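The values are calculated or read from the model by the stated rules, or taken from the named source; none is laboratory data. Fair warning: this is a prediction, and the values are worked out from it, not measured in the lab. Positions of Cβ are generated from backbone atoms using ideal geometry, with glycine treated the same way; all protein chains shown enter the neighbour counts. With ligands, DNA and RNA removed, areas are computed over all heavy atoms of the protein, side chains included. Shrake-Rupley method; radii C 1.70, N 1.55, O 1.52, S 1.80 Å.
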Amino acid sequence: LCGSVPYVGIEFSVYGLLKQTSFVPKKKGSEELTVPGKLFCGASAAMVGQTITYPFDLVRRRMQVAGYSQNMRKYKGVFDAFRSILKTEGFLALYKGLFPNYLKSVPAVAITWAVYEEMVRVLK
């Protein structure tokens, strides 16, 4: 919940903000985005949302698997997990695995937004 609620809020906000910018491709004589413009906005929104909330997702996964191996550290809570990761592995450790996550989520979110926007346009 700590990762998904902020992620969705950020994604929606960034998508809405990007839709209103002038550099996103729009149909000639219209304020409506082209399909590539919708894909761009969706992909960008996903990347921003994932980048900001990924550390929470990483900590959640680390806490879930803690204790399955004798070599893994058991955390006392979320703050202990963050502190421990930062202290032993450094700041960049909070983003381990972000690129594979981009490969999975960015295309999916971009396509979802483009299909949603096209369906809204068709059903009007």
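Of note:
- Proximal lysines relative to Lys87, as straight alpha-carbon distance under 18 Å, when same-chain residues fewer than 8 apart are discounted: Lys74, Lys76, Lys96
- Potential lengthening of the chain between Phe12 and Lys104 amounts to 31.3 nm, from the contour at 0.36 nm per residue minus the alpha-carbon distance.
- Hull shadow area, averaged, the chain [alpha-carbon convex hull, nm²]: 9.4 nm²
- Note on exposure: Lys96, Lys76 ranked by accessible area (1.4 Å probe, complete protein assembly) read Lys76, Lys96, with the most exposed listed first.
- Accessible area per residue in Å² at 1.4 Å probe, computed on the chain: 66 Å²
- Computed over the chain, relative contact order equals 30 percent, with contacts defined as Cα pairs under 8 Å that lie 6+ residues apart.
- Taking each residue as 0.36 nm, the span from Arg121 to Leu86 lengthens on full extension beyond its C-alpha to C-alpha distance by 8.0 nm.
- ³J(HN,Hα), Karplus 6.51/-1.76/1.60, whole Hz, each residue of segment 42-57, x for Gly, Pro: x, 5, 5, 4, 5, 5, 5, x, 5, 4, 6, 9, 4, x, 5, 5
- Share of carbon and sulfur in the accessible heavy-atom surface of the chain [1.4 Å probe, %]: 67 percent
- Among residues other than Thr34 with Cβ under 9 Å from its Cβ, the summed charge is +2 (Lys and Arg +1, Asp and Glu -1).
- Among the chymotrypsin sites (Phe, Trp or Tyr not before Pro) within segment 5-101, those in coil by DSSP and having at most 16 neighbouring Cβ atoms inside 10 Å are Phe23, Tyr68.
- Check: the chain dipole with +1 on Lys, Arg Cβ and -1 on Asp, Glu Cβ, in debye: 300 debye
- Distant-in-sequence amide H partners of Lys26 (H built 1.01 Å from N, under 5 Å): Thr34
- Taking the helices alone, the chain has a mean residue ellipticity at 222 nm of -24000 deg cm²/dmol, built from -39,500 (n - 2.57) per DSSP H run of at least 4 residues and averaged over all its residues.
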